[in-house]
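Q: Sharing a structure here in structure tokens format.
The values are calculated or read from the model by the stated rules, or taken from the named source; none is laboratory data. Note that the structure is predicted; figures quoted are calculated from it, not measured. Cβ placement follows ideal geometry from the backbone for every residue including glycine, while neighbour counts extend to all protein chains displayed.
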Amino acid sequence: MKKLLLLLLIGLSSFIIVGCDDDDNPSSQNDNSKSATMLINAASNDDWVYFSFESGDSLDVTDPKTSDAWDLAFKRYHLATNSGSSGNAKGGVYNAGKVSMASVTEAPTSGYVVDDSVSIVDHSQNPPAVYNMAASSALAGWIEFDLSQMPPIPSYSDSIYVIKTAKGNYAKIHIKDYYGGDGTKSGMIEFDYVFQPDGSRTFMESN
């Protein structure tokens with residue numbers, strides 16, 4: 001009887017050890033993601049503000065077309081990725097739709113749209129002039145304005161976008177406010193992001 005009880009205890013101990021193996025626990029794997037909320041002052045009508053997920057901050061860029069140091073750029077409500085008409089790096093954007101940030105757990109392998117151009121209407125001229133600016137048309141839908149009121153009232157798509165960075169890594173973002181900070185100054189872009197710096201497509205949000 002004692003021998004049988006000892007064998008049962010040994011078997012139970014082995015089961016517990018195997019059940020706690022880190023390899024069977026997804027939350028312990030590749031947990032290198034970095035998450036933060038950013039506020040970018042993009043109020044200038046003339047200058048782009050460049051942002052790097054790797055540094056988690058804005059940065060000065062001498063030649064944005066050839067630099068791989070930046071991942072996103074902001075000018076008022078316009079956004080650019082380091083790709084296509086805006087840059088020569090590996091960037092692009094995938095629209096994951098109006099889903100929760102937490103539900104986007106993996107970056108897709110394909111479907112990323114590189115920058116092309118957006119149409120700008122210059123109301124300072126009579127009649128208003130229309131011209132094109134190199135930017136991401138895929139990100140243009142993050143905000144719309146009701147021009148029947150002054151100042152115009154923004155509405156947000158609340159889409160989650162997966163960004164392919166300049167160096168081919170992945171981030172996901174939720175752009176949530178055009179009047180960030182104290183809520184009175186336009187062009188203050190507030191967004192949440194999760195960045196995976198090691199090349200993995202899996203997003204972990206524990207830190």
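Q: Can you find a residue in the stretch 183-191 that is within 17 Å of the chain's Cα centre (by Cα), surrounded by 15 or more Cβ atoms within 10 Å (Cβ to Cβ), without any contact (Cβ under 8 Å) to a residue 24 or more places away in the chain and under 15 Å from Tyr77 (Cα atoms)?
A: No: zero hits.
Q: Still on this structure, I have one more. I'd like the residue in the stretch 100-119 that is β-branched (Val, Ile, Thr) and in a loop (DSSP other than H, G, I, E, B) and, out of all such residues, is surrounded by the fewest Cβ atoms within 10 Å (Cβ to Cβ).
A: Checked the stretch 100-119; the qualifying residue surrounded by the fewest Cβ atoms within 10 Å (Cβ to Cβ) is Thr109.
Q: So which pairs qualify, if the first residue must be in the stretch 31-50 and in a loop (DSSP other than H, G, I, E, B) and crowded, with 18+ Cβ neighbours inside 10 Å, the second must be among the aliphatic types (A, V, I, L, M) and modelled with pLDDT under 95, the Cβ gap must be under 7 Å, and the two must be at least 6 apart or on different chains?
A: Ser33/Met204
Q: I'd like to verify a number: residues in the stretch 67-105 that are of a type in the set (Ser, Thr, Tyr) and over 14 Å from Ala134 (Cβ atoms), how many?
A: So the answer is 6.
Q: Out of the residues in the stretch 146-172 meeting the condition of being free of Cβ contacts under 8 Å to residues at least 24 places away in the same chain and not acidic (Asp, Glu), tell me which one is nearest to Gly111 (Cα to Cα).
A: Keep residues of the stretch 146-172 that are free of Cβ contacts under 8 Å to residues at least 24 places away in the same chain, which gives 146-150, 152-153, 155-156.
With the extra rule that they be not acidic (Asp, Glu), the set shrinks to 147-150, 152-153, 155-156.
Values: Leu147: 33, Ser148: 36, Gln149: 37, Met150: 38, Pro152: 33, Ile153: 32, Ser155: 26, Tyr156: 23 Å.
The qualifying residue nearest to Gly111 (Cα to Cα) is Tyr156.
Q: Which one of these does Val114 not meet: (1) under 25 Å from Gly181 (Cβ atoms); (2) within 20 Å of the chain's Cα centre (by Cα)?
A: Only one criterion is unmet by Val114, namely (1).
Q: Now, a different point. Assess whether Phe53 counts as being at pLDDT 95 or above, within 29 Å of Thr184 (Cα to Cα) and touching a Pro at 6+ places or on another chain (Cβ under 9 Å).
A: yes
Q: Look at the stretch 109-123 and say how many of its residues are hydrophobic (A, V, I, L, M, F, W, C) and either farther than 18 Å from Ala89 by Cβ or in contact with a Pro (Cβ under 9 Å, 6 or more places away or on another chain) (or both). Steps first, answer last, please.
A: Of the residues in the stretch 109-123, the ones hydrophobic (A, V, I, L, M, F, W, C) are 113-114, 118, 120-121.
Imposing the further condition that a residue be either farther than 18 Å from Ala89 by Cβ or in contact with a Pro (Cβ under 9 Å, 6 or more places away or on another chain) (or both) reduces the set to 118, 120-121.
Total meeting the criteria: 3.
Q: Right, another one. Of all residues in the stretch 73-99, how many are in a loop (DSSP other than H, G, I, E, B) and under 12 Å from the mean Cα position of the chain (by Cα)?
A: Result for the stretch 73-99: 1.
Q: Residues in the stretch 152-168: is at least one under 22 Å from Ala43 (Cα atoms) and in contact with a helix residue (DSSP H, G or I) (Cβ under 6 Å, 6 or more places away or on another chain)?
A: For the stretch 152-168, residues under 22 Å from Ala43 (Cα atoms) and in contact with a helix residue (DSSP H, G or I) (Cβ under 6 Å, 6 or more places away or on another chain): present.
Q: For the stretch 55-72, which residues satisfy the criterion of being on the phi < 0 side of the Ramachandran plot and either within 12 Å of the chain's Cα centre (by Cα) or aliphatic (A, V, I, L, M) (or both)?
A: Correct list: Leu59, Val61, Ala69, Asp71, Leu72.
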